[in-house]
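To start, the structure under review is shown below, and the notes come after it.
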Amino acid sequence: MLRAGTLVAAEETSGVLTTGGFVNVSAIEWAITLTVTIAVLLFDVIVIGRRPHEPSRRETGIALGVYVTLAVLFGLWTWIFHGSRYGLEFFAGWLTEYSLSVDNLFVFLIIMASFNVPRKFQQQALLVGIILALIFRGIFIGLGAVAISKFSWVFYIFAGFLLYTAISLLRDTDHDDDGDNFVVRFARNHLSMTDTWAGLRMWVKENGKRVMTPMFLVIVALGTTDLIFALDSIPAIYGLTQEPYLVFTANVFALMGLRQLYFLLGDLLRRLVYLSQGLAVILLFISVKLFLHALHENELPFINGGEHLTWVPEIPTLVSLGVIVATLIVTTALSLYRTRVRDVRDVDPVESDPDSEGSFDSR
């Protein structure tokens, strides 16, 4: 039996897929979306990333601009053809997923540095990391949709998990040990390794024996990181929209251009010192939104006798989008100000003092 506000399985009626009893997405629309997004990703992987190199700023800037433009155009298209509500849900979901992906990218930076990955191989490693992220998120999107369609109380679990994640982000803002987690340490201690890099090859033969290359450990670290971030991102996006179509597209567009962003903003990413705190605020807000929604759709017998708490207010999507945008702006501004002040303080006071006489001769 269908309930308003809950996600139900997609039903095909006269060639139209009806998801959640809300937005109607035609089979042609699904097909075009899947074809275009997969084609763009394959173009990035096969054509642009076919040769190991460090992309130029012009190359990364153009590609990143194209991907962001595509996401904005898709959001506007959703707004026009499906209504403002779903356009807002897409933009809120995309910005949240993009923010989480940038934090994911920061961990990628740490992994690359901790394993001393040669610059010419970093692009290939990033492609693998992004593909793994897409696979894991796709799996959890499907699992999340099934769970929501069958159990309304899963929103309580999502809310609790996001609350835990937000607290964890506040406690561990530097990601110091993300590049050398338990899985990586286990592989390093129990497998035969070599120090020789061979591109994306994860194993080579030395003296007739198969040994793992450093790239194997890098991919293991990237995959583990992707898995953890997928566990964070799916509850977050389902807290903003329950439409699988919007959940899927928000995640795909959030992953596009991350490879280019890595090389274009490598130094700037390190300057976003408050990114984790900003994400913690966003996830905390979404966890509250999820908890209120869970109460509104409550079926747990020990809460209000298993009846919906219809009087509980739900946070509008426009408010959610406003909170997300405001948090990201404040986080970025404070981060850049903090690092600018720190850089000024690190300058030699003699050099930075214009009133100091003979400061040049004293060196």
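Tabulated values for the structure
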| read-out | value |
| --- | --- |
| Within region 189-246, tally of residues that are free of Cβ contacts under 8 Å to residues at least 60 places away in the same chain and assigned to a loop (DSSP other than H, G, I, E, B) | 11 |
| Single residue of 290, 321, 283, 264 found to be surrounded by 18 or more Cβ atoms within 10 Å (Cβ to Cβ), at pLDDT below 85 and of a type outside the set (Asp, Glu) | 264 |
| Top-ranked residue of region 103-125 - restricted to ones that are among the hydrophobic types (A, V, I, L, M, F, W, C), within 20 Å of residue 232 (Cα to Cα) and touching a helix residue (DSSP H, G or I) at 6+ places or on another chain (Cβ under 7 Å), ranked as surrounded by the most Cβ atoms within 10 Å (Cβ to Cβ) | 108 |
| Pair list, Cβ under 8 Å, 6 or more apart: region 137-160 residue assigned to a helix (DSSP H, G or I), other residue surrounded by 15 or more Cβ atoms within 10 Å (Cβ to Cβ) and among the acidic types (Asp, Glu) | 155/297 |
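Yes/no matrix, rows are residues, columns are (1) at pLDDT 60 or above; (2) surrounded by fewer than 18 Cβ atoms within 10 Å (Cβ to Cβ); (3) in contact with a Phe, Trp or Tyr (Cβ under 9 Å, 6 or more places away or on another chain); (4) outside any helix (DSSP H, G or I):
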{"residue": "8", "(1), (2), (3), (4)": "no, no, no, yes"}
{"residue": "34", "(1), (2), (3), (4)": "yes, yes, yes, no"}
{"residue": "47", "(1), (2), (3), (4)": "yes, yes, no, no"}
{"residue": "54", "(1), (2), (3), (4)": "yes, yes, yes, yes"}
{"residue": "78", "(1), (2), (3), (4)": "yes, no, yes, no"}
{"residue": "95", "(1), (2), (3), (4)": "yes, no, no, no"}
{"residue": "99", "(1), (2), (3), (4)": "yes, no, no, no"}
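Results for (1) assigned to a loop (DSSP other than H, G, I, E, B); (2) hydrophobic (A, V, I, L, M, F, W, C); (3) within 21 Å of residue 72 (Cα to Cα), shown as yes or no for each residue.
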| position | (1), (2), (3) |
| --- | --- |
| 248 | no, yes, yes |
| 251 | no, no, yes |
| 262 | no, no, yes |
| 290 | no, yes, no |
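The values are calculated or read from the model by the stated rules, or taken from the named source; none is laboratory data. Everything numeric here is computed off the predicted structure, so don't read it as measured data. Virtual Cβ from ideal backbone geometry, glycine too; neighbours counted across all protein chains shown.
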